[in-house]
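What follows is a short report on a single structure.
The values are calculated or read from the model by the stated rules, or taken from the named source; none is laboratory data. Being a predicted model, the structure only gives us computed values, none of them experimental. All Cβ positions, glycine included, derive from the backbone under ideal geometry; neighbour counts span all protein chains shown.
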Amino acid sequence: MDNESQYSGYSYKSSHSRSSRKHRERRDRHRSKSRDSSSRGDKSVTIQTPGEPLLDAESTRGDDRDDNWGETTTVVTGTSEHSISNEDLTRVTKDLEESTPLECKRFVGPALGGCLSFFALVTPLAFLILPQVLWRDALEPCGTPCEGLYVSLAFKLLVLLISSWALFLRPPRATLPRFFVFRCLLMVLVFLFVASYWLFYGVRVLEPRERDYRGIVEYAASLVDALLFIQYLALVLLEVRHLQPAFCLKVVRSTDGASKFYNVGHLSIQRAAVWVLDRYYSDFSVYNPALLNLPKSILSKKMTGFKVYSLDGNTNNSTGQSRAMIAAAARRRDNSHNEFYYEEAEMDRRVRKRKARLVVAVEEAFTHIKRLHEEEVASSPKHPREVMDPREAAQAIFAPMARAMQKYLRTTRQQAFHSMESILTHLQFCITHNMTPKAFLERYLSPGPTMQYQQQNGRGRQWTLVSEEPVTSALRQGLVFSLRRLDFSLVVTVTPLPFLRLGEEFIDPKSHKFVMRLQSETSV
Amino acid sequence: MSFVPGMPVSVVVERIEIKKLCQGDNLILGFSIGGGIDQDPGQNPFSEDKSDKGIYVTRITPGGPAQDAGLRMGDKIMQVNGWDMTVVTHDQARKRLTKKNECVVRLLVTRKSLEQAVKHSMGSCQRP
């Protein structure tokens, strides 16, 4: 399931048949070798071309999954071979509400992983139970050593279960364009192990009806040990390896140039993309299309009054003409920068004035209400106060500040992000939590990260990863990829972190001595 | 070496001749000076009289021409190539020492030990 998607499906399918295991192992070796090279930091990109025939003549088992599996779509991150995804109905319906259509293919991966892990966990128990069920009388009795093995088996299974739950049982957070290399490797590995153990079991234990029960129990225990080690491998590959920072990613938003630098470890391009997007939603200020362009009045005066006439009849020298025009325009004195400067200054002033009005209005509004404490309830009956809940209190004080707020939002072009309802809700929230007017205004005075506006952008999380390299290849120096949405894109550049040579210098604490300096001392 | 304004100063001086060393583009002498009439005399660690605004040698580069010629730290420079250094600003003193067209500076310097040496020798001379 590693390389370009359609083949991966077939490779998985062919793993069912025993005789093609050699094929599969060879391919796995290829795959793991190529991954080793990328993890060693090779500069070459491994593009896995399917050199061998992937569909054997023997593997003709018609799988139902075939039709869906072979397409270039989705596998879920955040889970691994021991995971069971939350296929909640509620989440499914929530997905339906978004405009991105629900893809059933999204859950094939985790479902597969879940089945595999269940199969792997049940296998040792099956190994133990089957002889008891089938030929109990013929078994040799096995006393204390077996009981010891039972106990250790039980605890190891428990540890396996708990750590699988802790590490891998998470709702998926992203769907990647290609399959997640390490996870596929691990699933294949688990399947290999379990299948080969079953094979051996079937040939050596079930057929001849082996009587040495202790041997069987030890066999099951060795399988559980192997599973624990595979889980260790999974932990290292999926969780630990990318923790140590190795690359610095520069993320630039294409429309307004907002940029950030992040340190990441060794990841593939698609995983790095998911990582960057996670950070994007909480670090970058929200994209405001209204704030982008220079006002038309400044730019429109560009190409006035320079027409080129060709006197020689048919000489089609268009490039020469345009070049002449550009040269002339460059030579002409251009005062648009002046206008831009004054326009910006004017804009700043306007924003500051509106902001001052808004702050004053909000401060005044907040003085109109105060929190009612319990002991004041039974106060003087002569002045009955109307007791309000936060919603009503918010509505009561919203009126005087509404106009100032609206004008401010309009000046800073934020009116698309805040509706009346949202402002009221926020006001209610602030009143409930005893926030000051300044805390209430924090949300409007500076554009927050995109996460803050998520409810408004209900449709939003469809991103396209644009890259010249295959997206499962590892990050390396000089790689550039971009994440595109409908109206803007994030361009990511990869540079490796510099190698640090740390030296040492010891300073004796007694060596700090000082003398008075003459006022000036010149050396001649 | 106390300095009474208006009265002539009489001290015992030593004549020191330093050849400038060529180091790249500069001619260096290998010592640092401090003091001057525009500086604060109270901060001078080498002067006996803390109102003495003369030019003192504050540091000698080891192995430099000044050390070879016999200049010591704490010497007060009285004359440089005939120019007086007792009533000059710091910058004037620097300029007189670092003239580019002179290869050799002849200093008249004084230090406390000179007076004592003279007194000692005069004292020993006077004993019958």
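Being at pLDDT 90 or above and among the aliphatic types (A, V, I, L, M) narrows it down to one of A:Leu238, A:Leu292, A:Leu228, so name that one. Step through it out loud before you land on a result.
Numbers: A:Leu238 fails: at pLDDT 90 or above; A:Leu292 fails: at pLDDT 90 or above.
Exactly one residue qualifies, and that residue is A:Leu228.
I'm told A:Ala246 meets every condition in (1) at pLDDT 90 or above; (2) out of contact with any Gly (no Cβ under 8 Å at 6 or more places or on another chain) except one. Can you identify the failing condition by its number?
(2)
Whether any residue in region A:154-168 is surrounded by 18 or more Cβ atoms within 10 Å (Cβ to Cβ) and of a type in the set (Val, Ile, Thr) is what I want to check.
No: region A:154-168 contains no residue that is surrounded by 18 or more Cβ atoms within 10 Å (Cβ to Cβ) and of a type in the set (Val, Ile, Thr).
Could you please find all residues in region B:95-120 being within 12 Å of another protein chain (Cβ to nearest Cβ) and part of a helix (DSSP H, G or I)?
Correct list: B:Lys95, B:Arg96, B:Leu97.
Scanning region A:482-524 for residues that are assigned to a loop (DSSP other than H, G, I, E, B), within 13 Å of chain B (Cβ to nearest Cβ) and of a type outside the set (Ser, Thr, Tyr), which turns out nearest to B:Val105 (Cα to Cα)?
Taking region A:482-524 first, the residues assigned to a loop (DSSP other than H, G, I, E, B) are A:485-488, A:497-508, A:512-520, A:524.
Filter once more, so that each one left must be within 13 Å of chain B (Cβ to nearest Cβ): A:515-520, A:524.
With the extra rule that they be of a type outside the set (Ser, Thr, Tyr), the set shrinks to A:515-519, A:524.
Numbers: A:Val515: 30, A:Met516: 29, A:Arg517: 26, A:Leu518: 24, A:Gln519: 25, A:Val524: 12 Å.
Across region A:482-524, the extreme among qualifying residues is A:Val524.
Look through B:Lys50, B:Lys119, B:Lys76 and report the one residue that is more than 13 Å from B:Ile18 (Cα to Cα) and touching a Phe, Trp or Tyr at 6+ places or on another chain (Cβ under 9 Å).
On the way: B:Lys50 fails: touching a Phe, Trp or Tyr at 6+ places or on another chain (Cβ under 9 Å); B:Lys119 fails: touching a Phe, Trp or Tyr at 6+ places or on another chain (Cβ under 9 Å).
The match here is B:Lys76.
Filter region B:19-37 for residues that are more than 9 Å from chain A (Cβ to nearest Cβ) and either under 17 Å from the mean Cα position of the chain (by Cα) or within 13 Å of B:Met73 (Cβ to Cβ) (or both) and give the result.
The answer is B:Lys19, B:Lys20, B:Ile37.
Just one of the numbered conditions (1) in a helix (DSSP H, G or I); (2) under 28 Å from A:Leu483 (Cβ atoms); (3) among the aromatic types (Phe, Trp, Tyr) is not true of A:Phe179; which one?
So the condition that A:Phe179 fails would be (1).
Residue by residue, here is whether (1) exposed (fewer than 14 other Cβ atoms within 10 Å of the Cβ); (2) of a type outside the set (Val, Ile, Thr); (3) modelled with pLDDT of 85 or more; (4) over 12 Å from the mean Cα position of the chain (by Cα) holds:
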{"residue": "B:Asp91", "(1), (2), (3), (4)": "yes, yes, yes, yes"}
{"residue": "B:Val104", "(1), (2), (3), (4)": "yes, no, yes, yes"}
{"residue": "B:Glu115", "(1), (2), (3), (4)": "yes, yes, no, yes"}
{"residue": "B:Met122", "(1), (2), (3), (4)": "yes, yes, yes, yes"}
{"residue": "B:Cys125", "(1), (2), (3), (4)": "yes, yes, no, yes"}
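Given the options B:Val4, B:Val13, B:Val9, name the one that is away from chain A (no Cβ under 14 Å), exposed (fewer than 15 other Cβ atoms within 10 Å of the Cβ) and either among the aromatic types (Phe, Trp, Tyr) or touching a residue at least 60 places away in the same chain (Cβ under 8 Å) (or both). Break it down into steps so the answer makes sense when it comes.
Numbers: B:Val4 fails: either among the aromatic types (Phe, Trp, Tyr) or touching a residue at least 60 places away in the same chain (Cβ under 8 Å) (or both); B:Val13 fails: exposed (fewer than 15 other Cβ atoms within 10 Å of the Cβ).
Unique residue meeting the criteria: B:Val9.
Conditions tested, residue by residue: (1) of a type in the set (Lys, Arg); (2) away from chain A (no Cβ under 13 Å); (3) within 18 Å of A:Thr522 (Cβ to Cβ); (4) out of contact with any Phe, Trp or Tyr (no Cβ under 6 Å at 6 or more places or on another chain).
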site	(1), (2), (3), (4)
B:Gly54	no, no, yes, yes
B:Gly70	no, yes, no, yes
B:Gly82	no, yes, no, yes
B:Thr86	no, yes, yes, yes
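Which members of region A:274-289 meet the condition of being touching a Pro at 6+ places or on another chain (Cβ under 9 Å), modelled with pLDDT of 85 or more and not aromatic (Phe, Trp, Tyr)?
Within region A:274-289, A:Ser282, A:Asp283, A:Ser285, A:Val286 qualify.
Output the qualifying pairs, or none if there are none: Cβ atoms under 6 angstrom, residues six or more apart or on different chains, first residue in region B:48-69 and over 20 Å from B:Arg106 (Cβ atoms), second residue among the small types (Gly, Ala, Ser) and assigned to a loop (DSSP other than H, G, I, E, B).
Qualifying pairs under 6 Å: B:Asp49/B:Ser2.
Condition (residue is assigned to a loop (DSSP other than H, G, I, E, B) and touching a Pro at 6+ places or on another chain (Cβ under 6 Å)) applied to region B:62-78: is it met by at least one residue? Quick ask: steps written out before the conclusion?
We begin by selecting, within region B:62-78, every residue assigned to a loop (DSSP other than H, G, I, E, B); these are B:62-64, B:70-75.
Still in the running and touching a Pro at 6+ places or on another chain (Cβ under 6 Å): none.
So far as region B:62-78 goes, no, none of its residues is assigned to a loop (DSSP other than H, G, I, E, B) and touching a Pro at 6+ places or on another chain (Cβ under 6 Å).
Considering only region A:375-402, state which residues are in a helix (DSSP H, G or I) and at pLDDT below 80.
A:Glu375, A:Glu376
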